[in-house]
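Participant: Take this structure first; my questions come after.
The values are calculated or read from the model by the stated rules, or taken from the named source; none is laboratory data. Small disclaimer: the values here were computed from a predicted structure and weren't measured. Cβ: placed from backbone, ideal geometry, glycine included. Neighbour counts: every protein chain shown. Accessible surface areas use protein heavy atoms only, side chains included; no ligands, DNA or RNA. Shrake-Rupley method; radii C 1.70, N 1.55, O 1.52, S 1.80 Å.
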Amino acid sequence: MAVMGDLALMGTKIKLIGKLEKRVFGVPLSSSPRFSVSQTRNLDVSKSRTAVRAVLQVEKIQSSGELKEGSLGFDVVSERELKENGFLGLRKTKLVCTIGPACSSLDELEKLAIAGMNVARLNMCHNSREWHQDVIWKIKKLNQEKGYCVSVMIDTEGNQIQVDHGSSSSVKAEEDSIWYFTTEKFEGSRPFTIQANYEGFSEGVNSGDEIVIDGGMATFEVIEKVGNGLRCKCTDPGLLLPRAKLSFWRDGKLLGRDYDLPTLSTKDWSDIVFGISEDIDFIAVSFVKDAEAITHLRDYLTTTSSKAIKVLAKIESLESLRRLEEIVEASDGIMIARGDLGVEIPLEQIPSVQKDITYVCRQLNKPVIVASQLLESMVEYPTPTRAEVADVSEAVRQYADALMLSGESAIGSYGMKALSVLRTTSTRMEQSCREENRQTLLHQRKLGASLPDQIAEQICNCAVEMADNLGVDAIFVYTRHGKMASLLSRNRPNPPIFAFTNDNSTQMALNLQWGVTPLLADLSDDMEGNVKKTVELIKAKGMIKKDEAILVVSDIIPISTAQTIFQSIQVKNHQSHCL
Ligand SMILES: Nc1ncnc2c1ncn2[C@@H]1O[C@H](COP(=O)(O)OP(=O)(O)O)[C@@H](O)[C@H]1O
Ligand SMILES: C=C(OP(=O)(O)O)C(=O)O
Ligand SMILES: [K+]
Ligand SMILES: [Mg+2]
């Protein structure tokens, strides 16, 4: 039976249009064309009159402007996936690939884009400025000329303490062999000598302390201090790679060390200026110690870049863990950089730390990337280990927004295969989470400080609950800065979220958000017109089948009448007059 119903929620009009035989919150829809709030559960409708009045003005907004003819803003990969697999078949977890010599040709980059790369990461630790520029240009070319939608992230080198034995290959450290760690600068290599890149690396270190290389590749005991250098004995033999990282331990406990180095080095600032000029989308900041560096960079970007470049904080040190909440709060997103984290904290703590970080990110509504060694064995081998697949699956089960490949794509022989493992593994685990209804276990904290923010948040929470309960096929959201899209994503809905925006930087930023397909559209203040046009276009493209229903959420604040907010939730299917 076709129904039409209005539900007043905090003064916001929720329209239900179409044939709905399912139940909303246990109430059969077909029996009640008009719903009352008392029939709902978990809906916060007890807000002040101000809120109700503010949103009741909704209906007075007049039409103006139109969507651009024929353009839905779909990228070629999402369009193909949608046609092949339908709405529910769209992958929710986003994929980041580190670009290196193994995948930097136009052809290789296109293959990665086709295989589902959402964000390309450039690690500024390696290679030249020209090399990075060339890769960025190729990605922009693919986006512009071939219709892909791949965002670009630069990852700063950071001020990192490293040791190097001066040879380009790995060197073996034998048990009981004596080595000298020095800050002296010299070319090439000297036997049993390791150069540290920072004068103060041995400050506060005593004889008897342990030096652990790269999270356990080899271990040394400090015999004595010689100037700034350390004479050491190898106690656990192993391999020393070029540019190795080290941690100090005393009596079985990690020595937390706060080197007096700024988070962003002079080189990092010059890489950031380069990134801005190349119109990149994300800056991932290495070795973040506190919120200050992030806030400083964000302020700098506000004044120097016309584009809203997003700043991601990499959590990869003890200090960043101690100040996790303030760092997450200050940044636009987080990368759990397990590579260096595994050097800085005991390896066995990484799984629980990863769980804690993803939880905090969910609470504070910031996208989170799980990075490093997800499929490390695939740098050399064409199949992953079972343990690696389990690790990837766990990150997906934790609802991480994105997974990242490092050496697997940058230098590995099987980068494409590794990406395909991430894709199939995440799709499978997402399906299993939907079957388990795991998103109901997500705990969330209220974010909105102001009333309009709280309204947006409540609308998104309710919209997702409705979408899941009704079993709609997709959620459409119309958003300028991506806020509503991210609030919807935060609830990890079963259907995919199509985020229509007229801001290119919003589109590229949303590429990192779980379950969101960002679409560039020419939005007007006439929301009814926007919705009608989009639905008609998507239908004309054959993307909506007869029995599919869509939930529509909008939050476009008209520029001309800034006080009037248009916010609504609607459900549409083919029987409604709009389709
Ligand atoms: N732009 C690049 N040019 C050359 N090699 C790269 C590049 N980016 C990454 N790599 C290689 O891929 C490996 C894995 O990448 P990543 O995890 O980002 O760096 P790292 O190992 O330095 O932390 C690096 O060790 C390096 O050998
Ligand atoms: C992603 C990481 O950072 P980088 O590769 O720059 O060391 C990491 O340490 O895990
Ligand atoms: K880096
Ligand atoms: Mg790192």
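Participant: Positive end of the dipole of region 259-365, charges at C-beta (+1 Lys, Arg; -1 Asp, Glu), about the Cα centre: which of Ile327, Ser265, Pro351 has its Cα farthest in that direction?
Facilitator: It is Pro351.
Participant: Here are some pairs, Lys140/Lys539; Lys111/Lys140; Lys111/Lys141; which of them have Cα atoms lying more than 18 Å apart in this structure?
Facilitator: Beyond 18 Å between Cα atoms: Lys140/Lys539.
Participant: Here is a follow-up. Using R₀ = 22 Å, calculate the FRET efficiency as 1/(1 + (r/R₀)^6) where r is the Cβ-Cβ separation of Leu447 and Thr424; round to 0.05.
Facilitator: Efficiency for this residue pair is about 0.05.
Participant: Next question, about the same structure. How much length is gained if the chain between Glu157 and Tyr300 is pulled fully straight, taking 0.36 nm per residue apart and subtracting their Cα-Cα distance, in nm to one decimal?
Facilitator: Length gained between Glu157 and Tyr300: 49.6 nm.
Participant: Determine the percent antiparallel among the DSSP beta bridges restricted to region 176-270, to the nearest 5.
Facilitator: Roughly 90 percent of the beta bridges in region 176-270 run antiparallel, per DSSP.
Participant: Sort the following peptides by mean Cβ neighbour count (other Cβ atoms within 10 Å, averaged over residues), highest first: 454-465, 297-308.
Facilitator: So the peptides 454-465, 297-308, ranked by packing, come out 454-465, 297-308.
Participant: A 22 angstrom limit on the alpha carbon distance is what I want to check against. Which of Lys245/Lys289; Lys355/Lys417; Lys225/Lys267 exceed it?
Facilitator: Those over the limit are Lys355/Lys417; Lys225/Lys267.
Participant: Using Cα centres only, tell me the gap between region 97-111 and region 426-504 in whole Å.
Facilitator: Spelled out, the Cα-based centre of one part sits 32 Å from the other.
Participant: Going by average Cβ density within 10 Å per residue, which order do the peptides 389-402, 98-111 take, highest to lowest?
Facilitator: Ranked from most to least packed, the peptides come out as 389-402, 98-111.
Participant: What does the charge dipole of region 450-497 about its Cα centre add up to, to the nearest 20 debye, if the Cβ of each Lys and Arg holds +1 and the Cβ of each Asp and Glu holds -1?
Facilitator: Dipole about the Cα centre, nearest 20: 200 debye.
Participant: Follow-up. Would you work out which of Asn469, Pro452, Phe498 lies farthest towards the positive end of the dipole of region 446-500, given +1 charges on the beta-carbon of Lys and Arg and -1 on that of Asp and Glu, about the Cα centre?
Facilitator: Pro452
Participant: Give the calculated FRET efficiency between Glu174 and Thr383 to the nearest 0.05, with a Förster radius of 35 Å applied to their Cβ-Cβ distance.
Facilitator: FRET efficiency, Glu174 to Thr383: 0.60.
Participant: Further question: Translational diffusion coefficient of region 365-420 at 25 °C, 0.890 mPa s, Stokes-Einstein with Kirkwood Rh over Cα pairs, in µm²/s as a whole number.
Facilitator: Rounded, D is 216 µm²/s.
Participant: Between Arg243 and Gln133, with labels modelled 7 Å along Cα→Cβ, what's the label distance in nm to one decimal, could you check?
Facilitator: 2.1 nm
Participant: Order the peptides 335-342, 540-547 from the highest to the lowest mean number of other Cβ atoms within 10 Å of their residues.
Facilitator: Top of the packing list down: 335-342, 540-547.
Participant: Another one. Averaged over all directions, how much area does the convex hull of the C-alpha atoms of region 99-240 cover when projected, in nm²?
Facilitator: 10.5 nm²
Participant: Only Lys, Arg, Asp and Glu count, each charged at its Cβ (+1, +1, -1, -1), so figure out the dipole size of region 330-463 about its Cα centre, rounded to 20 debye.
Facilitator: With only Lys, Arg, Asp and Glu charged at Cβ, the dipole is about 380 debye.
Participant: Can you pull the percent of region 256-321's accessible area that's carbon plus sulfur, 1.4 Å probe, other chains left in place?
Facilitator: Using a 1.4 Å probe with all protein chains present, region 256-321 comes out at 54 percent carbon and sulfur.
Participant: Please give me the summed charge of the neighbours of Glu319: other residues whose Cβ is under 13 Å from its Cβ, Lys and Arg +1, Asp and Glu -1.
Facilitator: -3
Participant: Quick one: net charge of Pro496's neighbours, Cβ under 11 Å, K/R +1, D/E -1?
Facilitator: Residues near Pro496 contribute -1 overall.
Participant: Taking the convex hull of the alpha carbon atoms in region 267-370, what volume per residue do you get, in Å³?
Facilitator: Spelled out: Cα convex hull of region 267-370, divided by residues, is 91 Å³.
Participant: Related question: List the extent of the Cα atoms of region 298-455 along each of their three principal axes, largest first, rounded to whole Å.
Facilitator: 52, 40, 34
Participant: Run a plain Debye calculation on region 432-552 (Cα atoms as equal point scatterers, no solvent) and give log10 I(q)/I(0) at q = 0.15, 0.16 Å⁻¹, rounded to two decimals, same order as the q list.
Facilitator: With no solvent term, the Cα-only Debye profile gives -0.70, -0.80.
Participant: If you don't mind, there's one more thing I want to ask. Under a point spin-label approximation (7 Å from Cα along Cα-to-Cβ), what is the Ala540-Arg480 distance to one decimal in nm?
Facilitator: Each label point is offset 7 Å from its Cα along the Cβ direction, giving 2.7 nm.
Participant: What residues of region 275-302 lie in the reach of a label at Leu254, counting those whose backbone N is under 14 Å from a point 7 Å from the Cα along Cα→Cβ?
Facilitator: 287-289
Participant: Report the paramagnetic label zone for Glu435: residues of region 490-507 whose backbone N is under 18 Å from a point 7 Å from Cα along the Cα-to-Cβ axis.
Facilitator: Answer for this model: 494-495.
Participant: Separate question: Just to confirm a number: summing +1 for Lys and Arg and -1 for Asp and Glu over residues other than Lys146 whose beta-carbon lies under 15 angstrom from that of Lys146, what do you get?
Facilitator: -1
Participant: Can you give me the long-range amide H partners of Ala218? Hydrogens built in the peptide plane at 1.01 Å from N, cutoff under 5 Å, separation of 5 or more residues or another chain.
Facilitator: Those lying under 5 Å, H to H, from Ala218 are Ile213.
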